[in-house]
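The values are calculated or read from the model by the stated rules, or taken from the named source; none is laboratory data. Since the model is a prediction, treat every value here as computed from it, not as a measurement. Glycine gets a Cβ as well: all are built from the backbone with ideal geometry, and neighbour counts include every protein chain shown.
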Amino acid sequence: MPTRSSAPFQPDGRPRCAWALGSPSLCAYHDAEWGVPQHDSRMLWEMLMLEGFQAGLSWDVVLRKREAFRRAFEGFDPERVAGFGEADVQRLLGDAGIVRSRAKIQATIDGARVWCAMRERGEDFAAWCWDFVGGRPLRGDGVHVAASTPLSERVSAELKRRGFRFVGPTIVHAWMQAVGMVDDHAVDCAWRRESVA
């Protein structure tokens, strides 16, 4: 997960979180997506799965492979992915464009099945996720960055109870930051959401 330090200024004159300066793809992701509240159930699931693939790697690696992931997993359509079988697993293991981990691939397929099962029970994944933060983003202090929090530990436990895998507290905290459930932009970052209480 990104570390907190004073956000340097960029050529455009706007300060950013220091972690975003590692590559053009990280900077673009920071500016356009990271920390923006995401309420689309499918997109929340996609991001959770991608965070799982990131485990043990850098986020920049996942960003560079993102479009290949989307092609490989049918646009991260949970209904389609839920129907994947062993032939699909073998196909994905042979796809050099993605992270070829059998455990992570299978966790994504199983995660799609969990997502679909929740929907079939009338549970909206987005509403379920956002309920953990009372429906609005929580704001970090802009100075300290924790690898995990008591909240991410609780969300992780609930995700695991539902059947999701690769959703440990650290992965879940990174995901919550990514999808804007937690605003953890540096205090001097131009993207810090002033409207969040």
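Put simply, of 62, 89, 99 the only residue that is closer than 13 Å to residue 47 by Cα and either of a type outside the set (Asp, Glu) or at pLDDT 95 or above (or both) is 62.
Among residues of the stretch 59-88 that are touching a residue at least 12 places away in the same chain (Cβ under 8 Å), those with a beta-carbon under 6 Å from a residue that is in a loop (DSSP other than H, G, I, E, B) and among the hydroxyl-bearing types (Ser, Thr, Tyr) at least six positions away or on a different chain give the pairs 60/23. Determine, yes or no, whether residue 60 is among the acidic types (Asp, Glu) and in a loop (DSSP other than H, G, I, E, B). Spelling it out, it is not the case that residue 60 is among the acidic types (Asp, Glu) and in a loop (DSSP other than H, G, I, E, B). Are any residues in the stretch 108-142 outside any helix (DSSP H, G or I) and either of a type in the set (Ser, Thr, Tyr) or in contact (Cβ under 8 Å) with a residue 40 or more places away in the chain (or both), and if so, which ones? Selection gives 124, 132, 133, 136, 137, 138, 139, 140, 141, 142. For the stretch 95-107, what are the residues that are charged (D, E, K, R), part of a helix (DSSP H, G or I) and free of Cβ contacts under 8 Å to residues at least 24 places away in the same chain? Correct list: 102 only.
The single condition from (1) crowded, with 18+ Cβ neighbours inside 10 Å; (2) within 23 Å of residue 131 (Cβ to Cβ); (3) not charged (D, E, K, R) that residue 99 fails is (2).
When restricted to residues that are assigned to a loop (DSSP other than H, G, I, E, B) and either touching a His at 6+ places or on another chain (Cβ under 9 Å) or crowded, with 17+ Cβ neighbours inside 10 Å (or both), the stretch 76-94 contains 1. Annotation: of all residues in the stretch 64-75 being of a type in the set (A, V, I, L, M, F, W, C) and not in a loop (DSSP other than H, G, I, E, B), the one that is nearest to residue 167 (Cα to Cα) is 69. Residue pairs whose Cβ atoms lie under 9 Å apart, sitting 6 or more positions apart in sequence or on different chains, and linking a residue in the stretch 143-170 that is crowded, with 17+ Cβ neighbours inside 10 Å to a partner that is acidic (Asp, Glu) and in a loop (DSSP other than H, G, I, E, B), are 145/184.
Take the residues in the stretch 3-41 that are at pLDDT below 90 and surrounded by 19 or more Cβ atoms within 10 Å (Cβ to Cβ); name whichever of them is farthest from residue 149 (Cα to Cα). The selected residue is 7. Considering the stretch 171-187, and only residues there that are part of a loop (DSSP other than H, G, I, E, B) and crowded, with 16+ Cβ neighbours inside 10 Å, the residue that is nearest to the chain's Cα centre (by Cα) turns out to be 179.
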